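Q: The structure is given below, and queries will be raised subsequently.
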Amino acid sequence: MTDAVSRSHTATPITDIREERHEDVLALVEWWLGVELDRASASYGNTGSTVGYLTDTGMWVRIQWRRTDRMNGQAWTGAECASVLTGVAKPRLRRSVRWQDDARDAVWRADEMTAVRSPVVSGNGSITHDPHLDDAWWAELKTSLDALAAHETDRVGMRQAHLTLRITEVFGQSVDTGVDEWRTAHADLHWGNLTAPDCHLLDWEDWGAAPRGYDAATLWGFSLGVPAVADRVRHEFEHDLETRAGRISRLLFCANVLRAHARSGKSMPFTEPARRAAEELIDVLREG
């Protein structure tokens, strides 16, 4: 372990774990947790800030880094705070370690949790074909989101001020954006954070209070490239999505999509469907 520590002193500031050497980090994690990481099982996050490994004990270790000047307390503690949730299909956290890496100007954490064997539905978060999920899968997702919504928390998944800013930036003062119902949400529910054929919800950094129907609205939005799946989401979560808060949540998704398109010029499978859906949502919200 002395060698691993000494190597960390010669490291340079990190920007992307997918491209930069971090064997010393893995050695520290193995030493502290008393496990061996299966290097061949490495699964990197899309932003280059996380990587996960299967272990020789049949568990999963997720390793994450943040720059020291960009620490977000809520996101950093999301997984351990989520360990108190019941009735939600998610990995079970066993233990965590955290440490500061001055040489890389970073803070690291490693969370050991139960391994989820089913893969994510779509690595990039959206879909372009029907994943053909069975009724049991949808029932598990509904049960999990209902249990989550009933949990009381001080964490914040979406703030009213941010929601209003995003919607008015794209659609102006076309609708009243005030949210009348709030529930606890995963707050990052796309197809890259859901597994199949067994349904599990992954990545709990952002969970907290959000408008009612926020999770279903996000999943609906990332399904718009496959109308049959978007319709299934609306059917399964109609009781939330057809509320005022649920419609505002859907309009927020549309606003984010159209804002991103205006800034980049890049169209996604859900871009034009989101534009059409926004027009309908604005009309309904104006009618009250």
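Q: Which of the residues belonging to the range 221-241 are aromatic (Phe, Trp, Tyr) and open to solvent by 10 Å² or more (accessible area, probe 1.4 Å)?
A: Phe222
Q: Inspect the range 242-252 for any residue being open to solvent by less than 20 Å² (accessible area, probe 1.4 Å), acidic (Asp, Glu) and either within 21 Å of the chain's Cα centre (by Cα) or over 20 Å from Leu201 (Cα atoms) (or both) and give the result as yes or no.
A: No, the range 242-252 contains no residue that is open to solvent by less than 20 Å² (accessible area, probe 1.4 Å), acidic (Asp, Glu) and either within 21 Å of the chain's Cα centre (by Cα) or over 20 Å from Leu201 (Cα atoms) (or both).
Q: Separate question: Can you pull out every residue in the range 233-256 that is of a type in the set (Ser, Thr, Tyr) and farther than 15 Å from Glu279 by Cα?
A: Of everything in the range 233-256, just one residue is of a type in the set (Ser, Thr, Tyr) and farther than 15 Å from Glu279 by Cα, namely Thr243.
Q: Working carefully through the options Ala161, Ala75, find the one that is surrounded by 14 or more Cβ atoms within 10 Å (Cβ to Cβ) and either out of contact with any strand residue (DSSP E or B) (no Cβ under 6 Å at 6 or more places or on another chain) or not charged (D, E, K, R) (or both).
A: Ala75
Q: Which one of Thr143, Thr164 is under 24 Å from His235 (Cα atoms), in a helix (DSSP H, G or I) and among the β-branched types (Val, Ile, Thr)?
A: None of the others qualify; the one that does is Thr143.
Q: Could you identify the single residue in Thr218, Thr243, Thr195 that is touching a residue at least 40 places away in the same chain (Cβ under 8 Å) and closer than 19 Å to Ile167 by Cα?
A: Going through Thr218, Thr243, Thr195 in turn, the sole match is Thr243.
Q: Return the residues of the range 177-189 that are more than 17 Å from Arg166 (Cβ to Cβ) and either buried (at least 19 other Cβ atoms within 10 Å of the Cβ) or of a type in the set (Gly, Ala, Ser) (or both); say none if nothing qualifies.
A: Arg183, Thr184, His186, Leu189
Q: Ok, one more. Of all residues in the range 46-57, how many are open to solvent by less than 40 Å² (accessible area, probe 1.4 Å) and without any contact (Cβ under 8 Å) to a residue 40 or more places away in the chain?
A: Of the residues in the range 46-57, 6 are open to solvent by less than 40 Å² (accessible area, probe 1.4 Å) and without any contact (Cβ under 8 Å) to a residue 40 or more places away in the chain.
Q: Looking at Trp60, is it in contact with a Phe, Trp or Tyr (Cβ under 8 Å, 6 or more places away or on another chain), open to solvent by less than 30 Å² (accessible area, probe 1.4 Å) and among the hydrophobic types (A, V, I, L, M, F, W, C)?
A: Judged against the criteria, Trp60 is not a match.
The values are calculated or read from the model by the stated rules, or taken from the named source; none is laboratory data. Since the structure is predicted, the reported quantities are computational estimates derived from the model, not experimental observations. Because the Cβ atoms are built from the backbone with ideal geometry, glycine has one as well, and the counts that use them run over all protein chains shown. Ligands, DNA and RNA are stripped out before the accessible areas are found, and what is left, the full protein with its side chains, is counted by its heavy atoms. Shrake-Rupley method; radii C 1.70, N 1.55, O 1.52, S 1.80 Å.
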